[in-house]
1. Per residue, how big is the convex hull of region 10-50 when only Cα atoms are used? Give it in Å³.
2. Over the chain, what is the percentage of antiparallel beta bridges among all DSSP beta bridges, to the nearest 5?
3. Between region 1-60 and region 69-110, how many Å separate their Cα centres?
4. Using the alpha carbons of region 1-94, what is the convex hull volume per residue in cubic angstrom, as a whole number?
5. Taking 0.36 nm per residue of separation and subtracting the Cα-Cα distance, what length does fully extending K42 through D95 add?
6. Which chymotrypsin sites (Phe, Trp or Tyr not before Pro) from region 18-83 combine a DSSP loop assignment with at most 14 other Cβ atoms within 10 Å?
7. Could you compute the FRET efficiency for R58 and L20, with r as their C-beta to C-beta distance and R0 at 25 Å, rounded to 0.05?
8. Using modelled backbone amide H atoms (1.01 Å from N, in-plane), which distant-in-sequence or interchain residues come within less than 5 Å of K74's amide H?
Amino acid sequence: MKISMMRELLCADVICHEDLLGSHVYSACGSDMMSDVLAYVKDQAVLLTGLVNSQVVRTAEMMDMKCIVFVRSKMPTPEMISLAEESGIVLMATDKRMYEACGILYSNGLVGNKVKHV
């Protein structure tokens, strides 16, 4: 799915890197706990979160994510925007809640990674 399609589906505002909306993404995760993202997420290109601090962008950068979508009308700080611009990460914001945003993307073909049960 192109990031531009995600923008349309979520009625999201682009905060930075509108020039990268043509990029393709194939998977996503939704979490407000960056420790879970670091521990359990593999090969995800999109992070949906309501957490607004610089660790979100730093985590996405470490995980090679292409896009962060802030849910519940949350807006990143100027520092976060600057970090995302330097890292080439698209930032978007939607008024949808996490559950709804993840459901919309999932039902339109964007999947998460398989979880191995031990």
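Values quoted throughout were computed directly from the atomic coordinates according to the rules given, and no laboratory measurement underlies them. Here the structure is a predicted model, which is why all the values come from computation and not from measurement. Methodologically, a virtual Cβ is constructed for each residue, glycine included, from the backbone with ideal geometry; neighbour enumeration extends over all protein chains shown.
1. Expressed per residue, the convex hull around the Cα atoms of region 10-50 is 93 Å³.
2. 25
3. Each part's Cα centre sits 5 Å from the other's.
4. Per-residue hull volume (Cα only) is 77 Å³.
5. That pair, K42 and D95, stretches by 16.4 nm at full extension.
6. Y26
7. Approximately 0.85, to the nearest 0.05.
8. T94
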